[in-house]
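Below is one structure, written out as structure tokens; the observations come after it.
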Amino acid sequence: MEKYKNVVEEGWAEFLTELREYERRSLIAEKENLLLDAYSSWLKSKEEKYKFQVLNFAHELNRLGVFINLEKLFPEEK
């Protein structure tokens, strides 16, 4: 019975790990899409509010381990 319990616990732990990774990847994809939408809006209008949105989403992605090169997005800002 103990062996069965260990197998169930290991399977549950593996499932939770995979679920967390899936949630992380989903969150990253969502933030990347929001960043691209804001960047597209900024390219069209050059409004500061869109630039700040891009910077905010880039910061959020950075916290998730995805690094955005802002120098390439905003080359004139050197």
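The values are calculated or read from the model by the stated rules, or taken from the named source; none is laboratory data. Not measured: the values here are computed from a predicted model. Glycine gets a Cβ as well: all are built from the backbone with ideal geometry, and neighbour counts include every protein chain shown.
Below is a table of values for the structure above.
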{"read-out": "Inter-residue pairs, beta-carbon under 7 Å, first free of Cβ contacts under 8 Å to residues at least 40 places away in the same chain and in segment 8-30, second part of a helix (DSSP H, G or I), 6+ apart", "value": "28/61"}
{"read-out": "Filter result (of a type in the set (Lys, Arg) and either in a loop (DSSP other than H, G, I, E, B) or in contact with a Phe, Trp or Tyr (Cβ under 8 Å, 6 or more places away or on another chain) (or both)) within segment 22-57", "value": "31, 46, 51"}
{"read-out": "Residue match in segment 36-59 (condition: modelled with pLDDT of 95 or more, in contact with an Asp or Glu (Cβ under 6 Å, 6 or more places away or on another chain) and on the phi < 0 side of the Ramachandran plot)", "value": "no"}
